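Working notes, structure below.
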Ligand code: TRP
């Protein structure tokens with residue numbers, strides 16, 4: 001069975017964009033692949049963060065994932081910091097990763113600009129090297145990547161080629177997994193930007209209080225002509241809402257257009273809210289029943305399994321590097 005790895009940074013609660021783009025896909029993939037789902041808590045440290053929140057979100061995200069349908073009996077859910085071998089390989093890779101190339105990464109440029117005033121740690125530059133180590137330590141076949149992580153995966157592929165050549169290792173070169181259909185969900189208040197926790201008003205957290213969800217949907221940006229019609233370039237706001245509704249109800253765009261002919265935006269938005277609540281009803285109930293102890297047990301079991309695989313590979317690598 002092919003091995004897939006992906007990472008989620010515990011920097012915010014799960015939102016509809018996360019669900020429709022990555023998580024929905026992973027739920028389906030866990031039957032066909034060996035999926036390693038990593039809580040990237042070390043990556044979360046590359047920008048200033050609250051230690052309390054990092055710990056809270058680590059549990060909160062895993063509970064959300066399980067409630068939504070990630071099955072911990074099939075998918076190996078683990079915490080990055082539980083597997084020390086990632087950091088060894090990270091260091092080895094950093095010795096061949098070129099500073100110039102790392103400085104050319106979009107995300108590095110963005111983040112270092114954003115935190116210019118407070119000062120940026122060097123972790124932000126080395127971010128993609130750690131990401132490469134996450135992948136390469138398990139000889140992963142496929143990595144599902146959205147638009148924003150494509151460049152990092154490309155760097156990983158170059159880096160492993162260089163590393164294998166330099167040290168005569170045989171680390172597997174991972175491929176990007178491009179899903180059949182990627183849902184790109186935009187911010188509710190700014191449909192030219194991806195839905196993200198950095199813009200809370202436009203971001204629908206799946207497990208947020210009902211009132212908040214309703215409010216955010218009703219406040220979503222539309223235009224003034226009150227016609228529910230799919231037209232992303234002229235009507236980006238309403239088209240984004242239609243995409244959301246399409247995924248929640250499995251209706252096509254033309255069905256939606258027909259259903260809401262002569263009805264207007266308010267009615268459409270109320271309907272999106274209702275379908276959101278019914279779509280996530282089961283998950284919202286399930287999440288409350290999952291305890292931190294259950295999550296700890298999952299982390300512990302995953303760590304035992306993965307430390308074995310990772311340390312094995314690490315030993316092979318170290319013997320080639322003149323360290324063993
Ligand atoms: N950088 C990824 C993100 O921001 C998270 C991540 C960390 C990751 N390590 C990974 C993704 C390895 C894929 C593979 O979303």
Original post:
Is there a residue in segment 70-87 that is part of a helix (DSSP H, G or I), more than 12 Å from the ligand (Cβ to nearest atom), under 30 Å from residue 163 (Cα atoms) and touching a helix residue (DSSP H, G or I) at 6+ places or on another chain (Cβ under 7 Å)?
Top reply: yes
Subject >> Pairs where the first residue, in segment 187-210, is free of Cβ contacts under 8 Å to residues at least 40 places away in the same chain and the second is loosely packed, with under 15 Cβ neighbours inside 10 Å and not in a loop (DSSP other than H, G, I, E, B), C-beta under 7 Å, 6+ apart >> reply: 189/201
Original post:
From the list 4, 23, which one is in contact with a strand residue (DSSP E or B) (Cβ under 7 Å, 6 or more places away or on another chain) and within 16 Å of the ligand (Cβ to nearest atom)?
Top reply: 4
Original post:
Hey, any hits in segment 233-245 for a residue that's closer than 18 Å to residue 18 by Cα and without any contact (Cβ under 8 Å) to a residue 24 or more places away in the chain?
Top reply: yes
Subject >> Checklist (1) away from the ligand (no atom under 12 Å from the Cβ); (2) surrounded by 17 or more Cβ atoms within 10 Å (Cβ to Cβ) applied to residue 140, failing item >> reply: (1)
Original post:
So is residue 66 part of a helix (DSSP H, G or I) and either away from the ligand (no atom under 12 Å from the Cβ) or at pLDDT below 95 (or both) or not?
Top reply: yes
Subject >> Among (1) in contact with a helix residue (DSSP H, G or I) (Cβ under 9 Å, 6 or more places away or on another chain); (2) modelled with pLDDT of 95 or more; (3) crowded, with 17+ Cβ neighbours inside 10 Å, the one test that residue 240 misses >> reply: (1)
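For (1) more than 22 Å from the chain's Cα centre (by Cα); (2) buried (at least 18 other Cβ atoms within 10 Å of the Cβ); (3) at pLDDT below 95, each residue gets a yes or a no:
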residue	(1), (2), (3)
190	no, no, no
203	no, yes, no
221	yes, no, no
254	yes, no, no
265	yes, yes, no
Original post:
buried (at least 22 other Cβ atoms within 10 Å of the Cβ), within 14 Å of the ligand (Cβ to nearest atom) and more than 22 Å from residue 120 (Cβ to Cβ) - does that describe any residue in segment 39-48?
Top reply: yes
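The values are calculated or read from the model by the stated rules, or taken from the named source; none is laboratory data. These figures come from a predicted structure and were not determined experimentally. Positions of Cβ are generated from backbone atoms using ideal geometry, with glycine treated the same way; all protein chains shown enter the neighbour counts.
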